[in-house]
Amino acid sequence: MVEGFVVDFPSVVVREGKVEVLVPDLVAFGVMPSDYAPSRAPVFFNPVMEFNRDLSVLAFRVFQRLVNREISVCEPLTSQGIRGIRYAMEVEGVVRVLVSDINHHAFELAQYNILRNGVQDKVTLRLKEANALLSGNAAPMKRFDVVDIDPFGSPVSFLDSAFRAVKNKGLVAVTATDLAPLCGVHVKACVRKYGGKPLRVEYCHELAIRLLVGCMVQMAAKHDMGLNVLFSHSSDHYIRVYVQVSYGCQKADESLKSMGYVLHCFNCLHRETTHKPFNDLTCPDCCAKMDYAGPLWLGKINNAEFINQLLLESQIITLGTARKIDKMLAILKDEAEASITFYVLDQVGKKLCLPATSTQTVLTALQDMGYQAVPTHFNTRGIKTSAPAKVMRETFKKIVEPK
Ligand SMILES: C[S@@+](CC[C@H](N)C(=O)[O-])C[C@H]1O[C@@H](n2cnc3c(N)ncnc32)[C@H](O)[C@@H]1O
Ligand SMILES: [Zn+2]
């Protein structure tokens, strides 16, 4: 325990993973569990993000094993410190964690939490602006193995300095909660921030990940870095991606080759991808005019082997959200190799003016015809398949229409 520390706002102690931290008492501030944005509390804390933090612990443990050396972590938007403290205590091989926040209430609380958990030898705290902190650690000998960007809203303004502060073969993990722009509610904001056009479609959360990765690829390329996406997911109110960085202009060029566009027909649900700019947006299926999203990342957004390792690792450690984690990872394992975009059965039914049918029935019917067809973590009613829209429509009709 830490003697003499007085916090001048209502607070409670929470346990998460191996740590015990003091956080604002959200009930006293009238914060609802659905309030994700900066809340009325003087220091940010979101208990719902335990899933995000548990997965980060898991991912960093697997990454550490992959690189097989002692690692350093920087978390420049730490708030009360819970993330950085967890990395120090729960990820083997972590020898140094640098955490920081610009808010002095957060700084004081994080300082207390570091001492309370006895990790002051590993965790260093600063009261510093995130970009200034990362830029101050951009010299080759100062860079980190892992940089974790967990902001309110968009991470874009921190990406450039994150890449400057990461070692070759290091990992950059990024959360984005600004789903309104990324999912096509605020198109201009998305183009401005991420450099790509979003689309309000049933698979907009997948496009959101692809827009974020696309933006990271373009940003990393300016530093002659290429990216390999190890893991990504969409959960609750946010998306999260984990990319491994490789130094070298050829690596950067290679990554840029996976940039492109997704073309979508709102009339018949046809979708296609292209790496080249296009003039003609006529749907090859129904001749309606298609819309598009991009430029965005068309490469893999999950690495099947990394997901496999995450599944194995989750059997070894005890995490509060283990059940939810295992459920999602089991789906992601197959999803990692599946095609871009997915169909949502309720949307298909609506288009065909037909009642809904079970996901499993459609999955089996498509698989029986020899198409790849798997569920997706993005939507419980979603199917990723190699079948074209026409086949999906006909299959759905055959199942649902009375004989
Ligand atoms: C979403 S919270 C971080 C939550 C924390 N990572 C966790 O897992 O609980 C974002 C934090 O970033 C801090 N912040 C916002 N802009 C910043 C900046 N430019 N530099 C440093 N900290 C900043 C805020 O004060 C806030 O505490
Ligand atoms: Zn069409």
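The values are calculated or read from the model by the stated rules, or taken from the named source; none is laboratory data. Keep in mind that what you see is a predicted model, and the values were worked out from it rather than measured. Ideal geometry is used to build each Cβ from the backbone, glycine not excepted, and the neighbour counts take in all protein chains shown.
Close Cβ contacts (under 6 Å, 6 or more residues apart or on different chains) running from residues in the range 205-222 that are on the phi > 0 side of the Ramachandran plot and of a type in the set (Asp, Glu) to residues that are at pLDDT 95 or above and surrounded by 24 or more Cβ atoms within 10 Å (Cβ to Cβ) are absent. Taking the range 198-208 on its own, how many of its residues are in a helix (DSSP H, G or I) and over 18 Å from Ile383 (Cβ atoms)? So the answer is 1. The single residue among Phe306, Phe342 that is closer than 28 Å to Glu16 by Cα, buried (at least 19 other Cβ atoms within 10 Å of the Cβ) and in contact with a Phe, Trp or Tyr (Cβ under 6 Å, 6 or more places away or on another chain) turns out to be Phe306. Being within 14 Å of Ser258 (Cα to Cα) and not in a helix (DSSP H, G or I) holds for only one residue in Gly214, Gly184, Gly226, and it is Gly226. Would you confirm whether any residue within the range 229-247 is touching a residue at least 40 places away in the same chain (Cβ under 8 Å), over 18 Å from Phe306 (Cβ atoms) and in a loop (DSSP other than H, G, I, E, B)? Yes: one or more hits.
Quick check, is Ala322 at pLDDT 95 or above and within 25 Å of Lys18 (Cβ to Cβ)? Answer is yes for this residue. Taking the range 152-181 as the range and being in a strand (DSSP E or B) and touching a strand residue (DSSP E or B) at 6+ places or on another chain (Cβ under 6 Å) as the test, the residues that pass are Val166, Lys167, Asn168, Gly170, Leu171, Val172, Ala173, Val174, Thr175, Ala176. Considering the conditions (1) assigned to a strand (DSSP E or B); (2) on the phi > 0 side of the Ramachandran plot, Cys287 is excluded by exactly one of them, (1).
A single entry from Tyr87, Tyr36 fulfils the requirement of being of a type in the set (Phe, Trp, Tyr) and at pLDDT 95 or above: Tyr87. So, in the range 309-335, of the ones that are under 23 Å from Gln367 (Cα atoms) and surrounded by 15 or more Cβ atoms within 10 Å (Cβ to Cβ), which residue ends up nearest to ligand 2 (Cβ to nearest atom)? Step by step, filter the range 309-335, then rank; the result is Glu335. For the range 233-282, taking the residues that are of a type in the set (Phe, Trp, Tyr) and over 26 Å from Ile383 (Cβ atoms), the one that is farthest from ligand 1 (Cβ to nearest atom) is identified as Phe278.
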